[in-house]
Amino acid sequence: MMSHLAATIQQLATKGKGILAADESAGTIGKRLAAVSVESTEESRRAYRNLLITTPHLNEYIAGVILYEETLSQQTLDGMLFPEKLKNLGILAGIKVDKGLIPLENTNQEQVTQGLDGLAERLIAYRKLGASFAKWRAVYAISEGTPSSLSIKTNAEILARYAAICQNNDIVPIVEPEVLIDGDYTLERSAEVSEKVLQAVFKALFKHKVKLEYIVLKPSMIISGKQCKTPASVAEVAKATLTILRRTVPAAVPTINFLSGGQTPEQATAHLNAMNTLSPALPWNLSYSYARALQEYPMKIWHGDSNNISQAQAAFALRAKLNSLASVGKYNESMEKEKMQA
Ligand code: 13P
């Protein structure tokens, strides 16, 4: 019989499907809801996530949904626990298990991710609630002196310890090193930093005996900073990202699912598509694990009003469909125009 880890990764790496990150912490979802003038309450968060998860045809594009702890034990409108609802749809439930960022002392405002204490015990409880994979995010800001080698090494070590604990508790870890998009840095600088970060992550994963066959890598794309005066083109981003991934990510990793990191929804789709059209063939599945690039439009349309649910769900399903096409290199920009006219 296939092991639990093997069955989980096989499903997460399904060609043409991606992962929905709906695991914003209470603080982050509060900010996103405030931006559309909705008060963040347990009920408004439940209602919004209910909207996402009950979107018709979601299972055609999404293999797994990352949830926040609160949502794991909340119910959909028809009285089912969220993980149970997902299971009925053939979608896996995942759980964000890190406990956010704290300062990495004696650095220039760099940060490290906390949450290893008691992680094994929490994973056992999350499994009982229906989670079969987990997520942990490390962040790296680019500035003149950062990321420092101390931050790169420390975050890699912690990511690897998290991944090992997950696998030993039958949970597939999503390993997420995020190089932040903020700054005026160039594509070349992003490539240089990302290469160092990924190298350190895989070195630590090896040291901690993490089985690469049972992880999802969730990196940022190699992209020029948001304030860069000479932004890189879609083709340049795709080429640079693949160059760095080929140098650093072993072929044993089954699937790489990018984060969107503050790119526009259209950019995130176009970049993914461009990578999936470059040859030669890639050693890994290359897909998405987006939060903002999938949720931006549905959240704006919903606006906290139940009358807008079906329109918001249609916008979400469309974004999921376009990214699904991008994950097999079959998206083109004219599909965005069709949407505008619809
Ligand atoms: P974004 O796609 O909005 O970057 O979020 C992905 C994620 O899960 C961050 O941890």
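The values are calculated or read from the model by the stated rules, or taken from the named source; none is laboratory data. What you are looking at is a predicted structure, and each value in this text was computed from that prediction instead of being measured. Glycine also receives a Cβ, built like all others from the backbone with ideal geometry; neighbour counts cover every protein chain displayed. Just so you know, the surface numbers come from the protein's heavy atoms only, side chains and all, with ligands and any DNA or RNA stripped out. Shrake-Rupley method; radii C 1.70, N 1.55, O 1.52, S 1.80 Å.
Here are some notes:
- The HN-Hα couplings worked out from phi for the range 140-150 by the Karplus form 6.51 cos²θ - 1.76 cosθ + 1.60 (θ = phi - 60°) are 9, 9, 9, 8, 4, x, 10, x, 7, 5, 4 Hz, whole numbers, x standing for Gly and Pro.
- Placing +1 on the Cβ of every Lys and Arg and -1 on the Cβ of every Asp and Glu, with no other charges, gives the chain a dipole of roughly 740 debye about its Cα centre.
- Normalised convex hull volume, the range 81-133, alpha-carbon set, Å³ per residue: 85 Å³
- Part-to-part distance (alpha-carbon centres) for the range 38-88 and the range 145-180, which is given in Å: 27 Å
- With all protein chains kept in place, the per residue accessible area of the range 162-207 amounts to 38 square angstrom at a probe of 1.4 angstrom.
- Cα-based Kirkwood hydrodynamic radius, the range 1-137, one decimal, Å: 16.1 Å
- Residue (of Leu58, Ala6, Ile124) at the positive-pole extreme of the chain, dipole from beta-carbon charges: Ala6
- Normalised by 2.2 N^0.38 Å, where N counts its residues, the alpha-carbon radius of gyration of the range 82-200 equals 1.20.
- Dimensionless Rg over Rh [the range 254-316; C-alpha; Kirkwood]: 1.11
- When +1 charges are put on Lys and Arg Cβ atoms and -1 charges on Asp and Glu Cβ atoms, the dipole computed for the range 129-266 relative to its Cα centre reaches about 420 debye.
- Per residue, the range 63-103 exposes 41 Å² of accessible surface when a 1.4 Å probe is rolled over the protein heavy atoms with every protein chain present.
- Across the range 63-77, computed HN-Hα scalar couplings (Karplus, 6.51 cos²θ - 1.76 cosθ + 1.60, θ = phi - 60°) run 9, x, 10, 8, 10, 8, 3, 4, 5, 4, 10, 8, 10, 6, 4 Hz from first to last residue, x flagging Gly and Pro.
- One equal scatterer on each Cα of the range 53-111, no solvent, Debye formula: the resulting log10 I(q)/I(0) at q = 0.28, 0.29 Å⁻¹ is -1.17, -1.22.
- Less than 5 angstrom separates the built amide H of Tyr290 from those of Ile19, Ala21, all sequence-distant by 5 or more or on a different chain.
- Ranking Ile91, Ser25, Gln75 by Cα position along the charge dipole of the range 1-116, where only Lys, Arg, Asp and Glu carry charges on their C-beta atoms, puts Ile91 farthest toward the positive end.
- Cα-based Rg / Dmax (Å) for the chain: 18.9, 55
- Karplus-derived 3J(HN,Hα), 6.51/-1.76/1.60, for each residue of the range 82-87, Hz, glycine and proline x: 3, x, 5, 4, 4, 4
- The range 98-135: GluC sites (Glu not before Pro) in DSSP coil with no more than 16 other Cβ atoms inside 10 Å: Glu105
- Value of [θ]222 nm, deg cm²/dmol, for the chain, DSSP H segments ≥ 4, -39500 (n - 2.57) each, nearest 500: -14500 deg cm²/dmol
- Based on Cα atoms of the range 176-241, Rg over Rh with Rh as the Kirkwood radius reads 1.05.
- Tail weight of P(r) past 20 Å, computed on alpha-carbon pairs of the range 216-342, percent: 46 percent
- Shape category assigned to the range 132-174 from the gyration tensor of Cα positions, a/c cut at 1.5: oblate
- Links that overshoot a 22 Å alpha carbon limit, given the list Lys15/Lys196; Lys15/Lys99; Lys300/Lys321: Lys15/Lys196; Lys15/Lys99
- Applying both filters, DSSP loop and at most 15 other Cβ atoms within 10 Å, to the trypsin sites (Lys or Arg not before Pro) of the range 9-55 gives Lys15.
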